[in-house]
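Structure first, commentary second.
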Amino acid sequence: MDKEVLVEQKIIESINLVTALDTEGIGPSFAVWFYYSDSGSWKFLMAGNSIDKLLNQEQNQAYLKLVNTMAKLDLMYLESYDIKLIRTDDKLLALRSMISTGSKGISRIHCSKNYLNGIFIEDAVILRAA
């Protein structure tokens, strides 16, 4: 399977989304574009304490809040199906032990072909890992 290309505009729009979520008080402490080699696709993963609270209430409500924030931004490339909300106890958050960023800023750290705690990271672009 050919590797799907992560479009630069999706990265820019995901940065705008994280910034908007910060403003709304539900900003993620973990925001990463992660390539799933088994499906050949990229997903924008977000986690944080406020996201945990939303997911604990009802997963549909968490995604509805996300979609409403996305609608305010008038995004053209980033779609709701590109995004996966994960809990802070997800094993992929082990990336924070390898790379740590500030809790409010945005970084663009690219890593590829790494193993971390038994997880193969073929490709990832880390925007925030706090």
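The values are calculated or read from the model by the stated rules, or taken from the named source; none is laboratory data. Being a predicted model, the structure only gives us computed values, none of them experimental. When we count neighbours, we look across all protein chains shown, and the Cβ atoms used for this are built from the backbone with ideal geometry, even at glycine.
Summary of computed values
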| read-out | value |
| --- | --- |
| Complete set of residues in the stretch 91-107 that are out of contact with any helix residue (DSSP H, G or I) (no Cβ under 8 Å at 6 or more places or on another chain), touching a residue at least 60 places away in the same chain (Cβ under 8 Å) and of a type in the set (K, R) | R96 |
| Test for L64: is it touching a residue at least 24 places away in the same chain (Cβ under 8 Å) and among the hydrophobic types (A, V, I, L, M, F, W, C) | no |
| The lone exception for S39 - which of (1) free of Cβ contacts under 8 Å to residues at least 24 places away in the same chain; (2) closer than 19 Å to E122 by Cα; (3) in a helix (DSSP H, G or I) it fails | (3) |
| Unmet requirement for A129, which otherwise passes all of (1) surrounded by 14 or more Cβ atoms within 10 Å (Cβ to Cβ); (2) over 18 Å from V5 (Cα atoms); (3) at pLDDT 95 or above; (4) aliphatic (A, V, I, L, M) | (3) |
| Selection count, the stretch 106-130, where residues are within 14 Å of the chain's Cα centre (by Cα) and either not in a strand (DSSP E or B) or not β-branched (V, I, T) (or both) | 10 |
| Hey, A71 among the small types (G, A, S), part of a strand (DSSP E or B) and at pLDDT 85 or above or not | no |
| Condition check for I26: out of contact with any Leu (no Cβ under 9 Å at 6 or more places or on another chain), without any contact (Cβ under 8 Å) to a residue 40 or more places away in the chain and surrounded by 13 or more Cβ atoms within 10 Å (Cβ to Cβ) | no |
| Residues located in the stretch 74-90, provided they are in a loop (DSSP other than H, G, I, E, B) and touching a residue at least 40 places away in the same chain (Cβ under 8 Å) | L75, M76, Y77, L78, I86, R87, T88, D90 |
| Among (1) at positive phi; (2) out of contact with any Ser or Thr (no Cβ under 8 Å at 6 or more places or on another chain), the one test that G25 misses | (2) |
| Set L85, L75: member being of a type outside the set (K, R), surrounded by 12 or more Cβ atoms within 10 Å (Cβ to Cβ) and within 17 Å of S29 (Cα to Cα) | L85 |
| Single unsatisfied condition, I109 versus (1) over 14 Å from M46 (Cα atoms); (2) modelled with pLDDT under 90; (3) surrounded by 14 or more Cβ atoms within 10 Å (Cβ to Cβ) | (2) |
